[in-house]
Amino acid sequence: MKPTSAAPALADNGTKVYVARQPILSTNEQVFGYELLFRDGVEDYFRHTDADTASRSTLDTSILMGLDVLCDGRRAFLNCTRETLLKDYVTLLPSAQVVVEILESVPADDLVKAACARLKEAGYTVALDDFIADDPRAALIPFADIIKVDLKGTSPAEQAALVKRHGAGCRMLAEKVETREEFGLCKQAGFSFFQGYFFRRPEVLHAREIPKNQVNYLRLLQAISREEIEVKEVENIIKGEASLCYRLLRYLNSAAFCFANEIHSVRHGLSILGEREVRRWVRLVATLGAGQNKSSDLVLSALVRARYCELLAPRIAHGDSDLFLVGLFSLMDAILEMPMGIVLEGISLDQETRAVLLGQKSKLDPLYKLMLSQEKADWMGLSDLCTQLELPESHVTECHWKAMKWAREMTTGA
């Protein structure tokens, strides 16, 4: 994919790095890695390591930590220009964590071939980006492990021909897969990996029976959305779902609370948490539970959105709306595989939250668009919305980075 404008993130050492990520999924919709899109190009990212003075064998830990958060422990696909390849920038990062993505603008000259040979010898995975029929980078195919094909830049016949020609020696990756239909066709054509947001669209958009455990998650969300929580009702729902009991007791007995004695009962646990924390915990576990059979990125993104909106809340006028809930519910239709209208039935929400989730006019529109611009690497849009909301871009940057770190912590071992 060509480098585009990207949304900002913050490195652990305080350096602002403007970056967005796009998930790459396997045939069973599990995340294989993320393509990282840097606003100022990947060279700018590595420049923060003082690579010219640091030993190539010494990895800057701040970069490694930042990469781990950005990619949730998965592989990072890094767009590489000719300069990036020739300067061996990528060798600052561990080979097991990085896929070197060679852009279509890179010529297959002798120096580039030599750089690819060095990368392969060092154990790196190499991908050719936006590959087409009669691609001038054909001489680089012997070094390639993955070939990426842009669905919007090639015809179905060309895609099939590329898979037939190169699929035996390389894993084929379909880019810009935006619908379930495209995903299905690409799987049938022989693609192994898929990049795009097709998985964020509900797979089933017609009436169907909701599995019992999904019903429990919805009942929980309904129970804690009321003005006054009925503790007995919440307790009974949790007791009826073994995984919920386990999650609650594990949560309460974690190091985060440091209680003198272990918590052994649901009722005791709920009473200790208090109403505010019960609401927060229920929203988290209901989302994690409902999405346990879905793409890991779907749940991760919902949690990033939720925390991101929550962190922005003190500086945004939002009336009675719970911005954590706005972000969390924004992907609940895809997680539960049902239309948003059905998801929201029976759940008590303020008018503005309900409207923005249903795609109707709402006072929360600017925040919602800000959240989406962050994900889509729409830097200009993000900047305009920051101006509209009177938010410093540096603050938005920090909130997004904190949200990603928090979501990673919440889902690790979940």
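Loop-located trypsin sites (Lys or Arg not before Pro) in the range 318-375 (DSSP state not H, G, I, E or B) with no more than 10 neighbouring Cβ atoms inside 10 Å: 361. Residues whose amide H comes within less than 5 Å of that of residue 35, counting only those at least five positions distant or on another chain, are 22, 24, 77 (H built at 1.01 Å from N in the peptide plane). Full extension of the chain between residue 226 and residue 133 yields a length gain of 27.7 nm, computed as 0.36 nm times the residue separation minus the alpha carbon distance.
Karplus-derived 3J(HN,Hα) values for the range 364-380, using 6.51 cos²θ - 1.76 cosθ + 1.60 with θ = phi - 60°, are 8, 3, x, 5, 4, 5, 4, 4, 6, 4, 4, 6, 8, 6, 8, 5, 5 Hz; glycine and proline are entered as x.
Note that the range 320-332 has calculated 3J(HN,Hα) couplings of 8, 6, 8, 5, 4, 5, 4, x, 5, 6, 5, 10, 5 Hz, one per residue in order, obtained from phi through the Karplus relation 6.51 cos²θ - 1.76 cosθ + 1.60 (θ = phi - 60°); glycine and proline are x. Placing pseudo-labels 7 Å out from each Cα toward the beta carbon at residue 358 and residue 275 gives an inter-label distance of 2.7 nm.
Radius of gyration (Cα atoms) of the range 329-413, expressed as a multiple of 2.2 N^0.38 Å: 1.24. The 3J(HN,Hα) values that the Karplus relation (6.51, -1.76, 1.60; θ = phi - 60°) gives for the range 388-396 are, in residue order, 4, 8, 6, 10, x, 4, 5, 5, 4 Hz. Gly and Pro appear as x.
To the nearest 10, the accessible area of residue 219 is 100 Å² with a 1.4 Å probe.
Taken along the Cα-to-beta-carbon direction at a fixed 7 Å, the label points for residue 96 and residue 383 span 4.0 nm. Backbone amide hydrogens, once placed in the peptide plane, bring residue 19 within less than 5 Å of 7, 9, 39, excluding anything fewer than 5 places away on its chain. If the chain linking residue 187 and residue 168 were pulled fully straight, counting 0.36 nm for each residue of separation and taking away their Cα-Cα distance, it would gain 5.3 nm. Share of carbon and sulfur in the accessible area of the range 75-170 stands at 57%, probe radius 1.4 Å. For the cross-link pairs 152/376; 120/148; 113/164; 164/369; 148/376, the ones whose C-alpha atoms lie over 29 Å apart are 164/369. Once backbone amide H atoms are built at 1.01 Å from N, residue 150 has 130, 131, 175 as its partners under 5 Å, excluding neighbours fewer than 5 places away on the same chain.
The values are calculated or read from the model by the stated rules, or taken from the named source; none is laboratory data. Just so it is clear, the structure is predicted and the values come from calculations on it, not from any experiment. Cβ sites come from the backbone with ideal geometry, for glycine too, and all protein chains shown count toward neighbours. Each accessible area value is taken on the protein alone, full model and side chains, heavy atoms only, with ligands, DNA and RNA left out. Shrake-Rupley method; radii C 1.70, N 1.55, O 1.52, S 1.80 Å.
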